[in-house]
């Protein structure tokens with residue numbers, strides 16, 4: 001199970017994403033279920049990564065990699081390191097949760113001077129061979145050996161001729177010799193690439209991203225080794241990234257970037273001028289039509305907007321990766337509604353409602369607008385909608401420091417990279433002077449609802465200024481960024497004009513209809529009164545939550561909850577973040593003090609009886625959830641029905657226990673409604689509402705009530 005060839009069926013009960021990472025799990029689906037043109041590959045699993053980071057290189061792993069490499073040679077008819085028909089491979093990172101661009105990927109592994117000459121003979125193009133050689137030595141020097149990127153970039157400068165590329169590669173190799181050198185043995189190169197991918201799980205940018213996204217730091221990354229296909233081979237080759245719908249607006253139709261005679265990093269790094277997919281349509285219309293067919297199959301299979309990386313080699317299309325695409329809040333709403341309204345698409349209205357959480361709706365409500373009388377300073381690509389304003393900052397470190405002090409910041413960069421993540425997280429808006437709709441800046445901005453404009457025209461970023469159309473805006477001056485229209489304005493030109501989005505109205509209407517249908521004749525619960533402690537205790541259990549989510553959990557009015565949160569923030573007990581409120585240390589101490597007071601007022605024997613009764617049901621609940629999750633794929637449907645039946649029985653026995661808890665602690669009164677709403681969603685077939693930790697699922701309510709009874713009975717979770 002350490003190394004898996006992706007054409008082989010997975011063992012029954014395997015959690016593909018957790019073991020192989022999302023990237024390789026997608027390759028398995030495309031290869032085995034959909035029959036798409038995917039280059040053959042094998043994966044060194046996340047379990048190996050975890051062992052490597054904790055204990056060092058596992059014994060026997062090299063033999064397993066050699067065996068998998070032999071199968072890759074057989075599948076391609078090529079020889080790794082061979083002087084005829086050589087095989088080159090990529091080594092790609094892939095975590096169980098999408099972390100775009102945060103870890104390392106190495107292309108063209110297996111290059112040697114002899115392989116370079118073989119590629120020149122086979123292709124008849126010395127320029128292709130020299131370009132591929134230079135790409136490899138640059139990447140290996142920077143990623144595996146850790147050379148400073150600016151030194152590598154300077155040494156790699158050339159005029160585009162094969163001779164100049166070879167000379168540049170020689171200069172980079174000479175630099176690399178100071179750091180141990182680039183191995184002459186292709187297998188040693190491969191092992192170095194796998195180690196570098198594993199080590200990148202712990203790099204600073206990946207840590208920052210995981211903290212921002214709430215991703216478990218113990219998951220690890222897989223390393224997928226895949227046969228190379230070459231978008232830089234000839235004029236009928238290229239590389240691109242396509243979304244099945246526009247990730248900024250949600251509009252139907254393929255959307256993305258394509259760059260002829262290039263490799264994948266050229267598109268996503270934001271360092272090249274890219275063309276839209278129409279460039280592929282004009283150059284290779286049959287290949288473009290084939291791509292559209294694959295995009296449609298992927299979207300229907302995953303029942304969601306997909307993000308797809310592809311390469312064209314001499315007119316032949318290859319799909320390299322697919323995942324559920326990150327999108328702006330506006331696109332999230334529109335995509336969910338349009339898919340549910342399409343009778344031919346496999347998404348229900350209930351699922352559409354469930355996909356759009358209160359955080360998304362809150363972000364939409366804050367989009368705002370720009371003064372109609374304002375004259376744009378410049379224009380570029382609208383890559384992430386919304387309007388943001390702040391003081392200009394041209395350095396990620398300075399942006400993070402300013403934002404930490406409460407200053408609203410617009411971060412401007414030539415292009416962004418994962419090394420800029422800590423500054424991007426803090427920014428009110430982003431501007432880049434290069435890069436397209438699938439650049440790093442665009443993808444991260446959409447995922448975090450940060451207004452952004454890329455490829456700002458006639459603009460340059462200096463060390464402490466942004467120059468647009470000859471006008472110099474110094475750091476510290478205000479900018480307004482309209483990511484909806486792709487415009488940048490001098491000064492703070494925001495106005496409150498968020499408007500009324502029809503798709504939001506439709507989702508709310510559906511939610512009301514579904515709630516009414518699920519509740520029968522039972523009236524909706526009246527808004528409960530809440531105090532500061534109830535709000536902060538709920539926030540402590542959530543960790544981070546929007547006002548709307550806390551209000552729903554507490555069955556309280558949004559205004560009342562927000563008032564308590566803002567008062568707590570004013571007293572230094574909580575803080576507001578772009579994704580909601582979070583407790584500060586003083587707030588946690590205040591909650592623990594009130595919990596102690598609450599516990600001291602209880603009859604110890606009575607609360608102990610509640611704990612013991614709930615704890616017995618807890619074992620049963622965990623068993624039914626894990627039994628469903630671990631069922632083999634062939635038994636998935638039957639396992640789901642068994643889980644629902646078991647939950648019905650458990651829910652009936654839970655009721656008296658919860659009522660006994662409420663009699664002792666009235667603050668727990670919202671729990672019956674939370675369990676009932678989650679159960680109705682489960683009955684309706686929404687499997688995510690059984691155990692998804694990101695929703696108000698049955699498991700979410702169960703986990704939080706369990707925490708309550710543990711604390712109120714004077715126990716500790718470790719016990």
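Taking 0.36 nm per intervening residue step and subtracting the Cα-Cα distance, what contour gain separates residue 600 from residue 218 on full extension? Using 0.36 nm per residue and subtracting the Cα-Cα distance, I get 133.8 nm.
Can you pull the percent of Cα pairs in segment 367-495 with separation above 17 Å? In whole percent, the share of Cα-Cα pairs in segment 367-495 beyond 17 Å is 47.
Remark: the chain projects, on average over all directions, an area of 32.5 nm² (convex hull of Cα atoms).
Ordering of 529-535, 307-313 by packing is 307-313, 529-535, highest average first (other Cβ atoms within 10 Å, averaged per residue).
What is the calculated FRET efficiency for residue 74 to residue 544, with r their C-beta to C-beta distance and R₀ = 56 Å, to the nearest 0.05? Once rounded, the FRET efficiency stands at 0.70.
Taking 20 °C and 1.002 mPa s as conditions, segment 92-154 diffuses translationally at an estimated 162 µm²/s according to Stokes-Einstein applied to its Kirkwood radius (Cα pairs). Using the average count of surrounding beta-carbon atoms within 10 Å as a protection proxy, the listed peptides 463-470, 251-258 rank, highest first, as 251-258, 463-470. With respect to the chain, whose longest principal axis is taken over its alpha-carbon atoms, helix 558-570 is tilted by about 70°.
As a calculated quantity, the FRET efficiency between residue 645 and residue 12 at R0 = 30 Å, using C-beta atoms, amounts to about 0.85.
Length gained on full extension, residue 609 to residue 635, computed as 0.36 nm times the residue gap minus the Cα-Cα distance: 5.6 nm.
The packing ranking, built from the mean of other Cβ atoms within 10 Å per residue, places the peptides 598-608, 319-329 in the order 319-329, 598-608, highest first. Between residue 185 and residue 471, the contour length at 0.36 nm per residue exceeds the Cα-Cα span by 97.7 nm. With the simple model of a label 7 Å out from the Cα in the direction of the Cβ, residue 117 to residue 290 spans 3.4 nm. When the Cα convex hull of segment 270-417 is projected onto planes of every orientation, the mean area is 12.6 nm². Rg then Dmax, both in Å and based on the Cα atoms of segment 154-251: 18.9, 51. Applying 1/(1 + (r/R0)^6) with r as the Cβ-Cβ distance of residue 588 and residue 688 and R0 = 35 angstrom yields a FRET efficiency of 0.75.
No value in this document is a laboratory result; all are computed from the given coordinates. A quick note: this is a predicted structure, and the numbers were derived from the prediction, not measured. Cβ: placed from backbone, ideal geometry, glycine included. Neighbour counts: every protein chain shown.
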